[in-house]
Structure formats: structure tokens, C-alpha cells
Amino acid sequence: MSVCAFVRGTFAPVLLGVVLAVAGCGSLAERDGEEAPASVAWSEPAQARAAALLKTPQPGAWAPYRWPGKRMAAFVPDRVMGRDALRVDANSTVSVLRQRFEPALVAPGQVRFAWKAQALPAGADLRDPTKEDAALRVVLAFDGDRSRLSDRALRLSDLSQALTGEPLPYATLVYVWSETEPVGTVIHNPRTDRIRKLVVSSGADALGQWKDHHRDVRADFQKAFGEQPGPLLSVALMSDTDNTRSRTRAWFGGLELTEAPR
């Protein structure tokens, strides 16, 4: 059995669940002579739309990533209800668009974003690893005091470093739209408590409408993890319906991330 196949078969349920904020296992495929799935080409209009809509303190390219064994729906420029957007037509897929910060942002401050969904993944349950889908997520990955991590978390991080060239983040905060959980709920990822989700949109009443969010990153991290955040490593947009094998159309209408005064 190849190294890649061993890792996917043995660790994939945990490693792929944690690694959404890093580069994924694309480098594994290259080592085993397979087609590398990590970096996904996308159109110049989509790149231009991302550059116009997604603002952060650092210049840098946003790029989509495909996870091993997962189909990906593209991020496509669109205009809906008077707003420019990036659309994802999810169909049993995992779509991630990420910007990494080099160097990391020492003092993340506020984040504003807008999103809209046509439907929520049928039967999704953010507490169940077999049904853990969401039409819309904004994902923030942080560094921190790694001496505080459990032995299991450190082993997973070391494995990720060896296989992908990136350690797992110290902590990952995910803003998410849930069908059932009320706004303000903090949900620990069912595979690792180093990913915690904060529900900022809930239920089906607002489907088909733009939802605008303005969040204090430090306060939300404190609520989710009980400590102050470390430097911010990356920010990502995500839409996934692979576990529930469902379909939806979702839009990201813009994002602005700022640093806190120092």
C-alpha cells in the first residue's frame, strides 16, 4: 500500500477534517505518481472578482484547493440582487477558496462578510461527522502556543507537516450557517476540538436573501476557545455538501478583514 493510500485510509476522516485551512494532501499524490489534486486552476474573471470582493490587510492571491478524493465546484463570478458575488453550485462537493498570510497577521480585528444560500444541505448536522456539511462557511486559521496542544493534536500536526509541508493550525474558528442550531452556538468539530464553529446564520427563513455579518474576531475566538487568539495564518471561504450528497447554490458577496489597532 502506498504512503498516500495508507494516510487516506487510516487518517483521512480526521486529517482531512482538520486540514481544510492548510494546503491539503496534494503533495501526497505527487509523491505517489498520481495526479496532484491540490491546486485548482480558475478563470481570470473569477480571479478578478475575488480581488475586487475579498479585502484583507495583506496583498496576495486567493486560490481554490481541492481535497483528495473530493469533487470541487468552481467559484464563478455572478451578480445577484444588485451585488457582485462569487457563486458555488455545490453538488456532493467541497469548495474552498483561501488566502494565506505570510507573515501571519499578528492582531486580527474585525471581519465583515456577506453570503446568500438557495438551500441548506439536506439532513446536515454539524455535530455528526457523517453529516457535517454547510452551504456557507468563513474559516479563520490561527497560530498559538502549541505546547498546550494534546498529544493527539500534535501527532496530527506532525503528520500534516510531513505529508503536506504545513503543520495543522493551532486553532480554527469557523463562521457557519446552520439549519438547526441557534445563532451564537459554538460547536466543537466532531473529529477535533481544535476546530470550533460559531453559528452566525440559522434556519431557512433567510434563504434567498443576502445576510450581512460584522464580527469581532478576537471576541469570537475568546468565546469559542476561552483564550485570546494568536496570529492569523489564513482566511478561507468554503461550501460543502459531500457528506449529505446534496445540492445547493451559494454566494459569497464580499469579505473585508482588518487588523486591530496596536
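FYI, it's all coordinate maths here, none of it is from the lab. Not measured: the values here are computed from a predicted model. Cβ placement follows ideal geometry from the backbone for every residue including glycine, while neighbour counts extend to all protein chains displayed.
Ranked by how many other Cβ atoms sit within 10 Å of their own Cβ, fewest first, the residues K223, K116 fall in the order K223, K116.
Using the alpha carbon gyration tensor of segment 84-192, what are the three equivalent-ellipsoid semi-axes (square root of 5 times each eigenvalue), largest first, in whole Å? Numbers along the way, then the final one.
Numbers: eigenvalues 136, 67, 45 Å².
Equivalent ellipsoid semi-axes, largest first: 26, 18, 15 Å.
Counting every other Cβ atom within 10 Å of each residue's Cβ, S246, S92, S150 order from fewest to most as S150, S92, S246.
For the cross-link pairs K55/K131; K55/K116; K116/K197; K116/K223, the ones whose C-alpha atoms lie over 23 Å apart are K55/K131; K116/K223. In whole Å, how far is the Cα centre of segment 58-98 from that of segment 146-217? If we compute the Cα centre of each part, the gap is 18 Å. Here the spin labels are modelled as points 7 Å beyond Cα on the Cα-Cβ line, and at Q161 and A204 they lie 4.7 nm apart. Full extension of the segment from V183 to D212, taken as 0.36 nm per residue of separation minus the current Cα-Cα distance, would add 9.1 nm.
All Cα-Cα separations within segment 140-262 were binned at 10 Å from zero, giving a P(r) of 11, 39, 34, 15, 1, each value a whole percent of the pairs. Cβ-to-Cβ counts within 10 Å put D133, D145, D89 in ascending order as D145, D89, D133, the fewest first.
By DSSP, the beta bridges lying fully in segment 143-245 are antiparallel in about 30 percent of cases.
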